[in-house]
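Structure first, then comments.
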Amino acid sequence: MSRSKRLLFVLPLAAFATLAAWFWMGLAPNRDPSLVPSVMIGRPVPAFDLAPLVAGKPGLKSDELKGRVTLINFFASWCVPCRAEVPLLMDLARDKRLELDGIAYKNKPGDTEAFLAELGNPFTRVVVDDTGRTAIDFGVYGVPESYLVDKDGVIRFREAGPLTPDVIETQLKPLLAKLSQ
Amino acid sequence: MIPELGHFALALALVVAFIQMTLPMWGAARNDGRLMALAKPAAMAQLLCILVAFGALMQAFIVSDFSVAVVARNSNSAQPLIYRIAGLWGNHEGSLLLWVAILAIYGAAVAAFGDNLPPRLQARALAVQAAIALGFLAFMLFASNPFARLDPAPPDGAELNPILQDPGLAFHPPMLYLGYVGLSMAFSFAIAALIEGRVDAAWARWVRPWTLAAWLCLTAGICFGSRWAYYTLGWGGWWFWDPVENASLMPWLAATALLHSAIVVEKRDALKGWTILLAILAFGFSLIGTFLVRSGVITSVHAFASDPLRGLFILVLMAIYIGGALALFAWRAPFLKPGGLFAPLSREGALLINNLFLATAAATVLLGTLYPLILDVLGLGTVSVGPPYYNATFMPIMLPLAALTAIGPLLSWKRADVAGAMSRLKFAALVAAAAALLAWWLEGGRPLPLIGIAVAGWLFAGTLGEFAGRTRVFEAGAIGRMRRMPRSAWGMTLAHGGLAIAILGMTGSAAWKQEDIRDLKPGESGTIAGYVYRLESVGAAEGPNYHVTRARITLMRDGDTVTVLEPEKRFYPEAETTTTEAAIHTTGFADVYGVIGEPDGKGGWAVRFYYEPLVAFIWIGALIMALGGVVSLSDRRYRIGAPLRARAARIVPAGKGAAE
Amino acid sequence: MIRASAFALALLLAAAGAAVAVEPSEMLKDPVLEARARAISKELRCLVCQNQSIDDSNADLAHDLRLIVRERLTAGDSDDQVKAYLVARYGDFILLDPPFEAKTLLLWSGPALVLLLGAGAVVLAYRRRRIDVAPPAGLSEDEKKRLARLMDGDA
């Protein structure tokens, strides 16, 4: 039996080995197959002009994001992981290098206020996105989502899902240090 | 107490599986009859142990024993009995128990009915079957124990997902598992043949009934699943190219190819290496499917709650079984004696083309399903592969294959007269043209549906024509010839005819579906496809574990009332989920499908109606295919055991059966 | 992993239940535009219930996206422009029909490649074992009759 013909019989095994390798990589612990990567990283913040949650307080416009590092957090009172995130946001809010602004996504004002009253308000400003259009312009597909915007108004980082201490320490804070220089 | 008994039974099954795996295999190597003979009682004992475990878990579900974790997570005391029972396999651990149960059933069946198998083949095949069982039993006992307990036991359980609370759950998973777990038997036989170093016509004949049984169950299982999705998901779709659906389609394609290539091995002693490879791949696809559903590497609406650790376990099992099998193949298959030769234009050639197309189709589905994963792990970004991809790639493979299916049975072995075969298909060509013309006249000129209709007509008429030609149906003695026709020939006719009917259904409903969506207040009406539907009222009611919003809609045609439809929305307070129950009126040739939606806030309701031409043919065709499998299975040449021995005593008239 | 599952769960619960997708109130008055909207929607993936199109999904986000599709169409965008608008925000992942790009080359050419390779393998294997099958000699009348009888019960 010729060498080449023998090799042919090994082909299925080789193909399967490649497949198994891909499956193994797919099992990597921090991989989330339902995660949609953000295409906004490295692009300027989309234009928006949102009204404040509480009348009389300042709203938030996209142009106002220049000159300082901002963490924009989309949240809602009906979202369970958002509740878990609040203590971490409260901690983060104490970091003077950034400003934390919250956008309430499709939430009745009364519910949002109750949420913040109960769990604490980590945000410098809280504005309202009733229609969800601003969220769509950001590429948001669920709550909570957080976006780190640099001093030039460019999006540098996005976390879909609630922030975790791990992500804050290993990804957010180092980036923050770089952007604050 | 009883759950403990079940747990113990599983552990016992593990021990028995180990014995069944090692001793008969060793016995076969040393030609030791006594060791080989251990396989049969071991297989029976394994089945018994697993049935005890299954019964124990079933008992826990039926009496709602919430101290068993699986019951607490998937059942509720308010749930109707049928869903407490069927809920056993509506979750990861319970469905694994169903998995090993079916492994054991096939093994025991080969032990009980395999008396005409050569002892070494039977011993080795049962040993391999036990090896598979060993892996999955270990998986269960160490990583997915269905008998894990909760202490203290909760007062009531979390309800079974309401979408699963449907009669479909009683039929679809068991039938599906009988199918793709059953392919393990073909796999075991293939490994046994590789170890023996011999694949011959006899082997193919022994393997065929088990493959056929698995194939027909898989066909029926996919059919049930599609039908269930159709009436439960509320928009009249029947296939979504969801990764888990694809996971059942790939083994089906491979099993269909295997059935056909096994014929060539049996009749002409050719395509041996390829057939062995197919038997390995068919079960390999089943394992890939199991992996995809339970590991979480791919998102799917069908997936069980995913756990990468479990995924790793299954991946290791896959590496052992499939990797091991393919390594054995690479080593031993080159030594298989090459078989009979044939001209390219012959029935063997046609079956080879059949396999080529089916293998390409399976590879296409695999590619589409895994591509997002592959790009993602290689860091190349994300794409999403949906129905548009499969429609563009899968259909151009399957439609020509279906067309060729009409020609294949008309070709003779070794070298065929293709021109003669084609001339016998003149009538089929006429039927195809007429069907396409009719469709064009009724529904307009888009080419793809017309092609689908033409192929369906061609295949149906061609299959009937082959049957008519074989039985010389217009000559005297036709009934006698029909009765003498082997059951496997009947099976082929039914299966190919059923395929044609299913293609007709798929084309009709995909191409010519109509919909009407509007807000209606009680008393107002809408129209669809010549029907008028009038919303009479929307009321509330109570089910055993849900609240119902039920609409009464009168369906009328030409002024006469056809029927009253009552679509529902059900809200399950325990699970906080809403499901829709569509109301379907079928004329056989089309379905009128009504769904009640949300209130529009102005006193009206969103109502949507669909008109689905020919959709029922999909499932009727699939069931006819499965029936063909049943008929074929009952062929006397595959019936093994006592009846065959009795018949052997009769003198076979000269000429009868000699053509085999 | 649990965190991600919780997030996904939040999304899924928000969209729970069987789909009753396009609402009458969303539909455009112009049937041509509405038909285009439905066709485009069928090609866009719902990012919440990820194996459905936004046409089929009853998720909140799907509803919003359906409205956006109709708005862009009413504003005069072409089909491609509408899709580009959403791809600019969500990336290629939102397209159910994978685009033709370098990274999807293998995906789109795969099936044809497999078929060609398979056919090639078959041809090669056949060539290596060329056969000569002599045409059968003619049958005598008697043999023809016997043959006919045999064929009666043939498989």
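Largest mean-square fluctuation among A:Val126, A:Val36, A:Val143, in a Gaussian network model of chain A whose springs join Cα atoms under 10 Å apart, belongs to A:Val36. With a 10 Å cut-off around each Cβ of A:136-146, the average count of Cβ atoms from other chains is 5.
Taking other C-beta atoms within 10 angstrom as a stand-in for reagent exposure, B:Phe427, A:Phe74 fall in the order B:Phe427, A:Phe74, fewest first. Bridges between two residues of the stretch A:77-170, per DSSP, are antiparallel at a rate of about 50%. Close amide H pairs (under 5 Å, H built 1.01 Å from N) link C:Leu96 with C:Leu44, C:Arg45, residues at least 5 positions away or on another chain.
The spread of Cα positions in the stretch B:398-462, taken along each principal axis and listed from longest to shortest, comes to 43, 22, 15 Å. Using 22 Å as the Cα-Cα cut-off, could you pick out the over-long pairs in B:Lys569/B:Lys602; A:Lys66/A:Lys178; A:Lys108/A:Lys173? Pairs exceeding 22 Å: A:Lys108/A:Lys173. Amide H contacts under 5 Å for B:Ser346: B:Ala416, restricted to partners 5 or more places along the chain or on a different chain, H placed in the peptide plane at 1.01 Å from N. Can you list which of the chymotrypsin sites (Phe, Trp or Tyr not before Pro) found in the stretch B:1-45 are DSSP loop residues with at most 11 other C-beta atoms within 10 Å? For chymotrypsin sites (Phe, Trp or Tyr not before Pro) across the stretch B:1-45 that sit outside H, G, I, E and B with at most 11 neighbouring Cβ atoms in 10 Å, the list is empty. Residues B:Arg483, A:Arg6, C:Arg36, B:Arg608, arranged from fewest to most other Cβ atoms within 10 angstrom of their Cβ, appear as B:Arg483, A:Arg6, C:Arg36, B:Arg608. Computed on the Cα atoms alone, the convex hull of the stretch B:264-368 gives a volume of 110 cubic angstrom per residue.
Over the stretch A:26-181, all Cα pairs binned in 5 Å intervals from 0 give whole-percent P(r) values of 2, 9, 20, 24, 22, 15, 6, 2, 0, 0, 0, listed from short to long.
Of the listed peptides B:322-335, B:278-291, what is their order by residue-averaged count of other C-beta atoms within 10 Å, with the highest listed first?
The peptides rank, most packed first, as B:278-291, B:322-335.
Taking only complete DSSP H runs, can you tell me which helices of chain B stretch 27 Å or more along their own long axis by Cα positions and average at least -1.0 on the Kyte-Doolittle scale?
Long hydrophobic helices here: B:2-29, B:39-62, B:92-113, B:119-143, B:201-232, B:243-268, B:272-295, B:347-377, B:447-471, B:487-512, B:615-633.
For the residues C:Val122, A:Val127, what sequence is obtained by ranking on other C-beta atoms within 10 Å, fewest first?
In increasing order of surrounding Cβ atoms, one gets C:Val122, A:Val127.
The distance linking the stretch B:375-403 with the stretch C:20-34 is 29 Å (Cα centroid to Cα centroid, whole angstrom). Taken along the Cα-to-beta-carbon direction at a fixed 7 Å, the label points for A:Thr18 and B:Asp32 span 4.4 nm. Within the same chain, lysines fewer than 8 places from C:Lys83 are excluded, and of the rest, those with a Cα less than 23 Å from its Cα are C:Lys29, C:Lys42, C:Lys103. Placing pseudo-labels 7 Å out from each Cα toward the beta carbon at B:Val418 and C:Asp142 gives an inter-label distance of 3.7 nm.
Across the protein assembly as shown, the convex hull enclosing all Cα atoms gives 195 Å³ per residue.
Think of it as helices only: each DSSP H run of n ≥ 4 in chain A is worth -39500 (n - 2.57), and spread over all residues that comes to -10500 deg cm²/dmol at 222 nm.
Roughly what % antiparallel, to the nearest 5, for the DSSP beta bridges in the protein assembly as shown?
Values: 65 of 77 bridges.
So the antiparallel bridges in the protein assembly as shown amount to around 85 percent.
Whole Å is fine, so just give me how far the alpha carbon centre of the stretch A:129-174 lies from that of the stretch B:579-611. Each part reduced to its Cα centre gives a spacing of 40 Å. Each helix, a run of at least 4 DSSP H residues, gives -39500 (n - 2.57); summed and divided by the residues of chain B, these come to -20500 deg cm²/dmol at 222 nm.
Here the label points at C:Ser109 and B:Arg483, each 7 Å from Cα along the C-beta direction, are separated by 6.1 nm in the simple model. If R0 is 30 Å, the Cβ-Cβ spacing of C:Ser78 and C:Ser25 corresponds to a FRET efficiency of close to 0.75. The antiparallel fraction among DSSP beta bridges confined to chain A stands at about 55%. Counting only other chain Cβ atoms within 10 Å of each residue's Cβ, the peptide B:603-609 averages 2. With distances taken between every two different alpha-carbon atoms, the stretch B:514-616 has a Kirkwood hydrodynamic radius of 14.0 Å.
Which whole number gives the average count of other chain Cβ atoms within 10 Å of the Cβ atoms across peptide C:44-51?
Going residue by residue through C:44-51 and averaging, the value is 6.
Give the calculated FRET efficiency between C:Ala102 and B:Phe571 to the nearest 0.05, with a Förster radius of 60 Å applied to their Cβ-Cβ distance.
Working: r = 48 Å, r/R0 = 0.80.
Computed FRET efficiency for C:Ala102 and B:Phe571: 0.80.
Think of the stretch A:49-179 as having a plus end and a minus end, set by charges on the Cβ of Lys, Arg, Asp and Glu; of A:Cys79, A:Leu60, A:Val154, A:Val154 sits farthest toward the positive end of this dipole.
Classification of chain B by its C-alpha gyration tensor yields an oblate form. The axis ratio a/c (a ≥ b ≥ c) is 1.5 or more, and b/c is at least a/b. Look at where the Cα atoms of the stretch A:45-98 and of the stretch B:262-340 average out, and the two centres are 52 Å apart.
Once you order the gyration tensor axes a ≥ b ≥ c over the Cα atoms, which shape class does the stretch A:67-146 get: rounded for a/c under 1.5, otherwise prolate or oblate by comparing a/b with b/c? Verdict is oblate for the stretch A:67-146.
Computed from the coordinates by the stated procedures, all read-outs in this text should not be read as laboratory data. What you see is a predicted model, and the numbers here were worked out from it, not measured in a lab. Don't worry about glycine lacking a Cβ; one is built from the backbone with ideal geometry, like all the others, and counts go over all protein chains shown.
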